[in-house]
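The values are calculated or read from the model by the stated rules, or taken from the named source; none is laboratory data. Here the structure is a predicted model, which means the values were calculated and not measured. Positions of Cβ are backbone-derived with ideal geometry, glycine not excepted, and every protein chain shown enters the neighbour counts. Heads up: the accessible areas ignore ligands, DNA and RNA and are worked out on the full protein's heavy atoms, side chains in. Shrake-Rupley method; radii C 1.70, N 1.55, O 1.52, S 1.80 Å.
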Amino acid sequence: MAVERALVVAVDLRDPKRPLEPELAEFEALIEAAGAQVAGRIVQRLDAVDAATLVGSGKAREIATRAEELGATKVFVFNDLRPRQRKNLDTIITLPIVDRTMVILDIFAQRARSREGKLQVELAQLRHRQANLIGSETALSRLGGGVGTRGPGETKLEVDRRTIGARISVLGRQLETVRRARAVRRAPRGGTPLVALVGYTNVGKSSLLNRLAHSTQDGAAFVADQPFATLDPTLRRVYLAPGVYARVADTVGFITELPKELINAFRATLEELESADVLLHVIDASNPDWPRQKQSVEDILHELGVAGKPTVLVFNKIDKRDPNAAPALPSDAPAVSARTGAGLDDLRARIVERVASQAAHA
Ligand SMILES: Nc1nc2c(ncn2[C@@H]2O[C@H](COP(=O)(O)OP(=O)(O)OP(=O)(O)O)[C@@H](O)[C@H]2O)c(=O)[nH]1
Ligand SMILES: [Mg+2]
């Protein structure tokens, strides 16, 4: 199939607390990670989104014209789209409309490897379609192929709306069985503390795990400069201090406005977080947008009910960071580089400290 050409559409509500640009740039990176090419963007400034068409009907017609000029094959909408807005837009714009959740789910569908991961993604996709009435009449067939239509492992997503409900029940039951098996495997191992890596996607969690566990190539966790490289968590034994070891779990990266379908679907994977003694929250210090990313991660941890866990903050990628760049890093948090290995001794010491104080309180 030819490369899909994306026209990106966003409404800018000019909220000073939430500037559009970093999140829109992130959305475009997600679209490219899903395999499409960004051909253009249209930003509509409004005080509030239009209840009927999100962008306003005049703007919607402009989008349709612009899409044609650019030879776009799909329109990617940044903001949340209500089913009614989607339906109305569909009548003005003949191209398939793909939302942010569909893009993220598409990436997950392409990357999922484990049976549980695949079941989770398919379930999340079907729930999203059901909730948004995608799959009704023309919308699905118009999507054609590519971003927004792929199921895990090359299977094409079930298109018949009447069978979605039945498929969702089957998937739910299969996941239950897989999860039960996993809970048995995760039974406590002789008092070795469990440390879970958490953080925004692409901050270097898997790289850090490989460093800490001295994993090279064979058996190393998968590292890539792309969002959601890790979908299937790995667990490694890590040396901390003479006689002190931890089991360290890598996890799925978070993102601002993580689709709620995904939070639910990945709850099982994130159970790792619940059983963890300590969370190691990894932040990309080289990204000027790190405060937003850190806040998003904290919000999601809160939603998952694990915000109260003892946490060690660690700033990664300091090799890539301009030391004078704003915003400054807190002086007391460990700063490391998974690439060069800088700061790792200090980090190990912090983890030991946290694990010890945790054990003392237990
Ligand atoms: N310069 C620099 N790059 C790093 C460092 N740590 C990781 N990277 C790079 O950052 C990218 C993402 O690294 P990963 O380890 O896959 O990040 P992750 O947090 O596991 O990402 P997801 O699994 O996608 O959430 C890769 O290109 C790494 O090589 C670092 O300390 N310095
Ligand atoms: Mg990873």
Taking 7 Å along the Cα-to-C-beta vector as the label spot, tell me the Val43-Arg84 distance in nanometres, rounded to one decimal. 2.9 nm
Once phi is turned into ³J(HN,Hα) by the Karplus curve 6.51 cos²θ - 1.76 cosθ + 1.60 with θ = phi - 60°, what whole-Hz value does each residue of the stretch 235-244 show in order, with x for glycine and proline? 10, 10, 8, 10, 7, 10, 7, x, x, 10
With the cut-off at 25 Å, report for the stretch 194-361 the share of all Cα pairs above it, as a whole percent. 26 percent
Cut-off under 5 Å, modelled amide H: who pairs with Tyr200 long-range: Phe254
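For the stretch 5-154, report the % of Cα-Cα distances exceeding 28 Å.
Here the long-distance tail beyond 28 Å is 16 percent of all Cα pairs in the stretch 5-154.
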Ranked output for segments 46-57, 197-208 by mean other Cβ atoms within 10 Å, highest leading, reads 197-208, 46-57
Calculated SAXS-style log₁₀ I(q)/I(0) at q = 0.09 Å⁻¹ - the chain, Debye, Cα scatterers: -0.55
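Excluding ligands, DNA and RNA, what is the solvent-accessible area per residue of the chain at a probe of 1.4 Å, expressed in Å²?
For the chain, the solvent-accessible area averages 47 Å² per residue.
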Lys, Arg +1 and Asp, Glu -1 on Cβ, resulting dipole of the chain about Cα centre, debye, nearest 20: 1000 debye
Out of residues 5 or more away from Lys74 or on other chains, whose amide H comes under 5 Å of its own, with H placed 1.01 Å from N in the peptide plane? Arg5, Leu7
How much solvent-accessible surface does Arg61 expose, in Å² to the nearest 10, with a 1.4 Å probe and all protein chains in place? 140 Å²
What does the C-alpha gyration tensor say about the overall shape of the stretch 1-76? Classify as rounded when a/c is under 1.5, otherwise prolate if a/b is larger than b/c, or oblate. oblate
Positive dipole terminus of the stretch 193-262, leading residue within Thr201, Gly253, Val238 (C-beta point charges): Val238
What residues qualify as long-range amide H neighbours of Thr311, i.e. H under 5 Å apart, gap of 5 or more or another chain, H built at 1.01 Å from N? Leu279
The summed charge of the His281 Cβ neighbourhood (under 9 Å; Lys/Arg +1, Asp/Glu -1) stands at 0
³J(HN,Hα), Karplus 6.51/-1.76/1.60, whole Hz, each residue of the stretch 83-95, x for Gly, Pro: x, 5, 4, 4, 4, 5, 4, 4, 7, 9, 9, 7, 6
